[in-house]
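The values are calculated or read from the model by the stated rules, or taken from the named source; none is laboratory data. Note that the coordinates shown come from a computational prediction; the quantities given were computed from them, not determined experimentally. For neighbour counting, all protein chains shown are included, and Cβ atoms are generated from backbone atoms with ideal geometry for every residue, glycine included. Calculation scope for accessible area: heavy atoms of the full protein, side chains included, ligands and nucleic acids excluded. Shrake-Rupley method; radii C 1.70, N 1.55, O 1.52, S 1.80 Å.
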Amino acid sequence: MIRILEPRLANQIAAGEVVERPASVVKEAVENSLDAGARRIDIDIEAGGTRLIRIRDDGRGIAGRDLFLALARHATSKISSIEDLEAVGSLGFRGEALASIASVSRLTLTSNTAEGSAEGQQAQCDGRDMAVSVAPAPHPRGTTLEVRDLFYNTPARRKFLRTEKTEFGHLHEVIKRQALSRPDVTFTLRHNGKQSLQLNAADSESEQRRRVANICGVEFSEHAVPIERQAGSFRLWGWVAEPTFSRSQADLQYFFVNGRVIRDKLVTHAIRQAYRDVLFHGRHPAFVLFFELDPAGVDVNVHPTKHEVRFRDSRGVHDFLFGTLSRALADVRPGQPAASVAEPIQEAMPDQLGIGLATGGLPNQPTPASNPAAVSMGAISGRPSSAVAAAFGGWPRREDTALSEPGSGDVPPLGFAVAQLHGVYILAENQHGLVLVDMHAAHERITYERLKRARDGGGITRQPLLVPVTLAVSSREAAIAAEQADDLASLGLLIEAVGEEAVVCRELPAALKDADVEALVRDVLGDLLEFGTSDRVASSLDELLSTLACHTSVRANRRLTLPEMNALLRDMEETERSGQCNHGRPTWTQLDMTDLDKLFLRGR
């Protein structure tokens, strides 16, 4: 027999989607406060949020006549038509949060809309019977939400809560995310009467950086690369950590879409792809990034907790994020902390970025003076050809030695070589102190970047397969293969759909002639379905070039002259991503005079 659920049971089912733990209550309430224009939010917590959650703001408040509706399901002031839903500009909009919270707690909502008046209204609701009573109550302009005894009437839910410390940790993380998204708002967090977090409003750029340092740590701020780029309706700004500052876990990653913190696999893929050959294996990048676009270009109504979104132009978003971050990381080199990336860029629309970004090529990438593009990708295989050896096998000597000797003018960022240690490390002196360079790792990166420019400049040479490979695939994979045939051809893959559930691969990049064709094609089609783009071919080609660079770079225990060492330092200063080798290991480190003085207890 089919029957309509009673309101109390329906609210508790909805609460299971919205209210997972005390942190969920805080998230929903803080978002409502921000939507109300609050500039100060105070949060008081007891027993990790299970006993008490009190959130007070100085926003616009709720009119007394609307307090009863505020606790009803699907009641909101932020959506009035389908057009509003298609371009949501507020953090909250579903109208389920307060009703769901009230169904599993003892809730009190007090508010006042009048400036300079203390006459407010208070609504009380008990989750046992869901009856709402409204009465006058003193309150300054703004709103206070008080939630007591969370899950007291749903013991099955309460027993799944963790320890008080763990629950407060989740709650603390929610406040940190909201504080990052809204630096103009003051946040105060107290737990069991003790202040745990105090973040004053940050209006200037320096104050915003200070807030980021307070939340993410001083070390992150010291290694953060500022980013700001705009292309069409897309804008990305924030900070990404240098690859040398990486984490064992993905615990320092904050990504906001129009001010809303989200977790999205497309965004994660784009960022991971940008860090692909500069991050040590098993490590995770750190970042605080804000992505802004037309609200009509993103659907935030795909998950009850609003943690996930869906982009209407997913491929354009992916390529824009990858291209921006890849360029920022490439520009990080000794003495050049990506200052140029902070300049807004207007020249490229997202649809002009194209799949070329997924292959590692960037718009307007300069061709090196030595013109390594003359080396065709067809000549690059597992063993270096004579052309490659001639172009890259030798040590990078410079005819212009003006910067190769001390006393020739300003001291360059990596200084001048003074010695070689055990045939492995170069010791150099610069304005700050001592520079240590792993010469093999540094030369490996220099050679690798030159090989990539050769590939990008000369194009990808395709090689027909003697026996074309036919694969049985799903209908979606066959359709995407036909739709993206031109883009796949630009990557060196000639794939044709030969039926509703079959494709045939006729050509692939010459450098990958020994690759597992079936696995490569399936991976590429899978990426296209998942993310709208694929870096499988580029990743395979880069891996081949990385191996070649490793074998053609200067080896340990080779004795170098001072001019040779200085030539390597100058090349490092001009080479993209020179702070890491092809495997993500650091290539150099700086010990300034303060560090050296500490070693010898000078000045004590």
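What to note about this one:
- Single condition ALA70 does not satisfy, out of (1) under 27 Å from SER117 (Cα atoms); (2) in contact with a helix residue (DSSP H, G or I) (Cβ under 7 Å, 6 or more places away or on another chain); (3) surrounded by fewer than 16 Cβ atoms within 10 Å (Cβ to Cβ): (3)
Yes or no, residue by residue, for (1) small (Gly, Ala, Ser); (2) buried (at least 16 other Cβ atoms within 10 Å of the Cβ); (3) assigned to a loop (DSSP other than H, G, I, E, B):
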residue	(1), (2), (3)
LEU236	no, yes, no
VAL240	no, yes, no
ASP251	no, no, yes
PHE255	no, yes, no
LEU266	no, yes, no
GLY282	yes, no, yes
PHE290	no, yes, no
VAL302	no, no, yes
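- Taken over region 81-108, the residue count meeting the criterion of being in a loop (DSSP other than H, G, I, E, B) and within 14 Å of GLU146 (Cα to Cα) is 3.
- Residue match in region 317-328 (condition: without any contact (Cβ under 8 Å) to a residue 24 or more places away in the chain and either crowded, with 18+ Cβ neighbours inside 10 Å or not charged (D, E, K, R) (or both)): no
- Test: residue in region 541-558 that is over 23 Å from VAL278 (Cβ atoms), of a type in the set (S, T, N, Q) and more than 27 Å from the chain's Cα centre (by Cα): yes
- Pairs meeting the criteria (first residue in region 493-509 and touching a residue at least 60 places away in the same chain (Cβ under 8 Å), second residue open to solvent by less than 10 Å² (accessible area, probe 1.4 Å), beta carbons under 9 Å, at least 6 apart or on different chains) are PRO509/MET377; PRO509/LEU491; PRO509/GLY492; PRO509/LEU493; PRO509/VAL537; PRO509/LEU541.
Conditions (1) β-branched (Val, Ile, Thr); (2) over 35 Å from the mean Cα position of the chain (by Cα), marked per residue:
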site: ILE55; (1), (2): yes, no
site: ARG65; (1), (2): no, yes
site: SER77; (1), (2): no, no
site: ASP84; (1), (2): no, no
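- Within region 45-60, the presence of a residue that is surrounded by fewer than 17 Cβ atoms within 10 Å (Cβ to Cβ), among the hydrophobic types (A, V, I, L, M, F, W, C), out of contact with any Asp or Glu (no Cβ under 9 Å at 6 or more places or on another chain) and assigned to a helix (DSSP H, G or I) is excluded.
- From the options GLY169, GLY116, residue that is part of a helix (DSSP H, G or I) and either modelled with pLDDT of 95 or more or surrounded by fewer than 18 Cβ atoms within 10 Å (Cβ to Cβ) (or both): GLY169
- Boolean, ARG229 is part of a strand (DSSP E or B) and open to solvent by 30 Å² or more (accessible area, probe 1.4 Å): no
- Lone qualifier among SER111, SER103 - being touching a strand residue (DSSP E or B) at 6+ places or on another chain (Cβ under 6 Å) and within 23 Å of LYS27 (Cβ to Cβ): SER111
Residue-by-condition table, conditions (1) in contact (Cβ under 8 Å) with a residue 12 or more places away in the chain; (2) over 29 Å from VAL257 (Cβ atoms):
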{"position": "ILE82", "(1), (2)": "no, no"}
{"position": "LEU91", "(1), (2)": "yes, no"}
{"position": "GLU96", "(1), (2)": "yes, no"}
{"position": "ASN112", "(1), (2)": "yes, yes"}
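- Test: residue in region 198-205 that is surrounded by 14 or more Cβ atoms within 10 Å (Cβ to Cβ), touching a residue at least 60 places away in the same chain (Cβ under 8 Å), assigned to a helix (DSSP H, G or I) and under 29 Å from the mean Cα position of the chain (by Cα): no
- Taking every residue in region 19-35 that is surrounded by 24 or more Cβ atoms within 10 Å (Cβ to Cβ) and pairing it with any residue that is modelled with pLDDT of 95 or more and of a type in the set (S, T, N, Q), at least 6 positions away or on another chain, the pairs with Cβ-Cβ distances below 6 Å are VAL30/GLN178.
Per-residue answers, yes or no, for (1) open to solvent by less than 70 Å² (accessible area, probe 1.4 Å); (2) farther than 20 Å from ILE43 by Cα; (3) in contact with an Asp or Glu (Cβ under 7 Å, 6 or more places away or on another chain); (4) assigned to a loop (DSSP other than H, G, I, E, B):
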site: THR110; (1), (2), (3), (4): yes, no, no, no
site: GLN121; (1), (2), (3), (4): yes, yes, no, no
site: GLN124; (1), (2), (3), (4): no, no, no, no
site: LEU150; (1), (2), (3), (4): yes, no, no, yes
site: LYS165; (1), (2), (3), (4): no, no, no, no
site: THR188; (1), (2), (3), (4): yes, no, yes, no
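- Note on region 510-532: residues that are crowded, with 19+ Cβ neighbours inside 10 Å, out of contact with any Gly (no Cβ under 9 Å at 6 or more places or on another chain) and part of a loop (DSSP other than H, G, I, E, B) total 0.
- Subset of region 268-280 (residues that are in a loop (DSSP other than H, G, I, E, B) and either acidic (Asp, Glu) or in contact with a strand residue (DSSP E or B) (Cβ under 9 Å, 6 or more places away or on another chain) (or both)): TYR275, ASP277, VAL278, LEU279, PHE280
- Region 561-595, residues that are open to solvent by 20 Å² or more (accessible area, probe 1.4 Å) and among the aliphatic types (A, V, I, L, M): LEU562, LEU591, MET593
- Note on region 497-521: among residues that are over 26 Å from ASP542 (Cβ atoms) and of a type in the set (Asp, Glu), the one that is modelled with the highest pLDDT is GLU501.
- Elements of type helices (runs of 4 or more DSSP H) in region 389-496, at least 2 residues being surrounded by 14 or more Cβ atoms within 10 Å (Cβ to Cβ) and at pLDDT 90 or above: 439-458, 475-483
- Matching option when the condition is open to solvent by 40 Å² or more (accessible area, probe 1.4 Å), at negative phi and aliphatic (A, V, I, L, M), among ALA99, ALA87, ALA137: ALA87
- All of (1) closer than 26 Å to PRO183 by Cα; (2) assigned to a helix (DSSP H, G or I); (3) among the basic types (Lys, Arg); (4) free of Cβ contacts under 8 Å to residues at least 60 places away in the same chain hold for ARG65 with one exception: (1).
- The set of residues from region 543-560 being open to solvent by 10 Å² or more (accessible area, probe 1.4 Å) and either within 9 Å of GLU444 (Cα to Cα) or assigned to a helix (DSSP H, G or I) (or both) comprises GLU543, LEU544, SER546, THR547, CYS550, HIS551, THR552.
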